[in-house]
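Beneath this line is the structure, given in structure tokens, with notes to follow.
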Number of protein chains: 2
Amino acid sequence: MAVYTEVADEELAAFVARFGIGELLAAKGIAEGVENSNYFIHTSEGFFILTLYEKRVSEADLPFFLGLMEHLSGKGLVCPRPVRDRHGEALGRLAGRPAAIVTFLDGISVKRPSVAHCRSLGEALARLHKGGADFHPVRHNALSVEGWRPLFAAAAARADGVRQGLASQIEAALTQLEREWPKNLPKGNIHADLFPDNVFFIGEEVSGVIDFYFACTDALSYDLAVCLNAWCFEPDNSFNLTKGQALLSGYQRLRSLTSAEIEALPLLARGAALRFLLTRLVDWLNVPPGALVKPKDPLEYLRKLRFHARVASAAEYGLSA
Amino acid sequence: MAVYTEVADEELAAFVARFGIGELLAAKGIAEGVENSNYFIHTSEGFFILTLYEKRVSEADLPFFLGLMEHLSGKGLVCPRPVRDRHGEALGRLAGRPAAIVTFLDGISVKRPSVAHCRSLGEALARLHKGGADFHPVRHNALSVEGWRPLFAAAAARADGVRQGLASQIEAALTQLEREWPKNLPKGNIHADLFPDNVFFIGEEVSGVIDFYFACTDALSYDLAVCLNAWCFEPDNSFNLTKGQALLSGYQRLRSLTSAEIEALPLLARGAALRFLLTRLVDWLNVPPGALVKPKDPLEYLRKLRFHARVASAAEYGLSA
């Protein structure tokens, strides 16, 4: 959480001027976002977020991310809408970085989601999937099953230093997932990182979905598996079935899962847990000295992985028959 | 520039609710402010800044700072206005820290002030001094002349490591200032830290003055001396006389300097330069490992101190006879 690139206000004002959104009235660096630098912007025409993309986001992917956000906001999903400049471009450059301006969304993210939050999230996710169905650009999910072994390779030698036996547990789960990973589930554009800090609520209703910088084209039900991991476990790593029920029924109110998706759900949930276990483990083992951001605990996802390994059917996540 | 204290959104919403400023719609940590943690807050009734006061601000001084801001905003100076809660209190506690909510001000700070900015600043400073004249609480200026020797003592032994001869130059300036420091200049409530990052502009006009956390009761013309140092030097440390003229004439349009103040101005400017030289030197020598904030260069103020040492009269700052 930091502003990695500092921009002089004068430079920022000149950049904003190209977008036809009125005179710059205020700009504040925002202390959140681990990947990019964000500024809150007030102009005579409204409120916006200016993002400078730092190295971890590939510049070649930005048109996909911005295009998807623009498409979804046109479909009524509340997500940031990129502003196009006078030449019709959403992507510009500022302080040597790719940069874009999107609309500001109200809402606060919740640290401890309630059952009602999970239900509203399920509905929002289904809207995202349905709204994205006719967005045609494709972005491969580099962090799906074939991306996990390279991640593991980067961490395997030191994994047991984090916890004795971790490497062999990951190896076993990975081998099984590589063998059994479903190939023919309904695909579409997914968020792929829909954690509570990427969702805004006003009261109990989702008011906005942000941070599309892992969005990609993959199995829709994998997104649901990410959400089961990120929203339905309690701080003690127990699974809250009522939250699972709310998430799944909220989703199915707008989009019914196919029988193949339902059958695959435990496997997808295991895969999602392994994906976050692996990326967190790599980050954990590679914290730069003096880092601003405390890395997230990878072992939280080992515990979730173990839970999913014991799940026999989607009913155990709260899916009603 | 950082948020030192992280507050869960739920806690923050509960705090905001006490102030009768509507429902919390958004909250973002702001990546600026070296002393405190700041959050930008949007509620159904408007925009606010929530500040959590960290250790460097003495809790006992907060009623003075908040009271002065409230008083000045009542007098038409555009500065943050503290919001009082339902019990009439402006100061509360959040996440174990003293905390207050003030109104949000539009405007952007300028890194390279123009002549017009300096003129508008001079006028705003005079309004601040006139508006503060009937605010009766008193806060001693701990960073005036009698505070400088203790600061020097904390840095003297290592000063020559920053620059050969620095300790003896400071010693000479300090001894002279202690002997000659004027005692009977018109006093009042001053800002005492009116650097460009504490002033917002819309176009060329001051739209807001912020960060009153060094405000105190001292010679009004000392504030002007701080501004001459902070606003009228170019990046190469040359003094821009046109900016000095604009600052001083903007000020005198609303408040005329007495002959004693005019006579004292070179000495006050030297004192202000020494004050920032000393505090920057102490910070420079005490950077904690892994610090987020790069300390400011103390030697910039050594060069300014030398400039002022050669100034014979206020005319050299651009004061018209």
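The values are calculated or read from the model by the stated rules, or taken from the named source; none is laboratory data. Because the structure is predicted, anything quoted here is derived from the model rather than measured. Neighbour counts are summed over all protein chains in view; Cβ atoms, including those assigned to glycine, are modelled from backbone coordinates with ideal geometry.
In the list A:83, A:78, A:110, which residue meets the criterion of being farther than 30 Å from residue A:248 by Cα, touching a residue at least 60 places away in the same chain (Cβ under 8 Å) and of a type in the set (A, V, I, L, M, F, W, C)?
On the way: A:78 fails: farther than 30 Å from residue A:248 by Cα; A:110 fails: farther than 30 Å from residue A:248 by Cα.
Sole residue among the options that is farther than 30 Å from residue A:248 by Cα, touching a residue at least 60 places away in the same chain (Cβ under 8 Å) and of a type in the set (A, V, I, L, M, F, W, C): A:83.
Quick check on my filter: what residues within the range B:44-57 are of a type in the set (Ser, Thr, Tyr), buried (at least 21 other Cβ atoms within 10 Å of the Cβ) and under 15 Å from residue B:19 (Cβ atoms)? Even if it seems obvious, please write down each step before you answer.
From the range B:44-57, those of a type in the set (Ser, Thr, Tyr) are B:44, B:51, B:53; that's our starting set.
If we keep only those that are buried (at least 21 other Cβ atoms within 10 Å of the Cβ) as well, we get B:51, B:53.
Passing the criteria: only B:51.
Quick check on this structure: which one of A:160, A:193, A:197, A:211 is within 27 Å of residue A:128 (Cβ to Cβ) and part of a helix (DSSP H, G or I)?
Working: A:160 fails: within 27 Å of residue A:128 (Cβ to Cβ); A:193 fails: part of a helix (DSSP H, G or I); A:211 fails: part of a helix (DSSP H, G or I).
Result: A:197 is the single residue among A:160, A:193, A:197, A:211 that is within 27 Å of residue A:128 (Cβ to Cβ) and part of a helix (DSSP H, G or I).
Can you tell me which residue among B:80, B:98, B:113, B:137 is within 28 Å of residue B:274 (Cβ to Cβ) and either more than 19 Å from the chain's Cα centre (by Cα) or within 14 Å of chain A (Cβ to nearest Cβ) (or both)?
Working: B:80 fails: within 28 Å of residue B:274 (Cβ to Cβ); B:98 fails: within 28 Å of residue B:274 (Cβ to Cβ); B:137 fails: either more than 19 Å from the chain's Cα centre (by Cα) or within 14 Å of chain A (Cβ to nearest Cβ) (or both).
Answer to the selection: B:113.
What number goes with the only condition from (1) buried (at least 22 other Cβ atoms within 10 Å of the Cβ); (2) of a type in the set (Val, Ile, Thr); (3) within 14 Å of residue B:198 (Cα to Cα) that residue B:110 does not pass?
(1) is the only condition that residue B:110 fails.
Tell me whether the range B:44-64 contains one or more residues that are touching a Leu at 6+ places or on another chain (Cβ under 6 Å) and at pLDDT 95 or above.
Checked against the condition, which is being touching a Leu at 6+ places or on another chain (Cβ under 6 Å) and at pLDDT 95 or above, the range B:44-64 yields at least one hit.
Which number in (1) part of a strand (DSSP E or B); (2) within 14 Å of chain A (Cβ to nearest Cβ) marks the one condition that residue B:105 misses?
(1)
Inside the range B:27-49, can you point out the residues that are more than 9 Å from chain A (Cβ to nearest Cβ), small (Gly, Ala, Ser) and under 22 Å from residue A:201 (Cβ atoms)?
Passing the criteria: B:44, B:46.
Go through the range B:239-316 and tell me which helices (runs of 4 or more DSSP H), entirely inside it, have 2 or more residues that are closer than 25 Å to residue B:127 by Cα.
Values: elements: B:241-254, B:259-285, B:299-309.
Those helices (runs of 4 or more DSSP H) span B:241-254, B:259-285.
Show the residue pairs meeting these rules: Cβ distance below 6 Å; 6+ apart or different chains; first residue within the range B:292-321 and closer than 30 Å to residue A:294 by Cβ; second residue modelled with pLDDT of 95 or more.
Cβ pairs passing all conditions: B:296/B:280.
List the number of the failed condition for residue A:290; all other conditions in (1) surrounded by fewer than 21 Cβ atoms within 10 Å (Cβ to Cβ); (2) modelled with pLDDT of 95 or more hold.
Against the list (1) surrounded by fewer than 21 Cβ atoms within 10 Å (Cβ to Cβ); (2) modelled with pLDDT of 95 or more, residue A:290 comes up short only on (2).
Of (1) closer than 20 Å to residue A:296 by Cβ; (2) not assigned by TED's automatic domain parsing to the domain that holds residue A:185, residue A:99 satisfies all except one. Which?
(1)
May I ask you to list the residues in the range A:17-26 that are within 10 Å of chain B (Cβ to nearest Cβ) and of a type in the set (A, V, I, L, M, F, W, C)?
The answer is A:24, A:25, A:26.
Being among the aliphatic types (A, V, I, L, M), in a helix (DSSP H, G or I) and in contact (Cβ under 8 Å) with a residue 24 or more places away in the chain: is that true of residue A:177 here? First the steps, then the outcome.
Details: among the aliphatic types (A, V, I, L, M): yes; in a helix (DSSP H, G or I): yes; in contact (Cβ under 8 Å) with a residue 24 or more places away in the chain: yes.
Answer is yes for this residue.
Given the conditions (1) surrounded by fewer than 17 Cβ atoms within 10 Å (Cβ to Cβ); (2) among the aliphatic types (A, V, I, L, M); (3) touching a Gly at 6+ places or on another chain (Cβ under 6 Å), and given that residue B:99 satisfies all but one, which numbered condition is not satisfied?
Here residue B:99 clears every test but (1).
Inside the range B:233-249, can you point out the residues that are touching a Ser or Thr at 6+ places or on another chain (Cβ under 9 Å) and buried (at least 22 other Cβ atoms within 10 Å of the Cβ)? Reasoning before the result, please.
Quick first cut of the range B:233-249, residues touching a Ser or Thr at 6+ places or on another chain (Cβ under 9 Å) only: B:243, B:245-246, B:248-249.
Listed by number, the residues that qualify are B:243, B:246, B:248.
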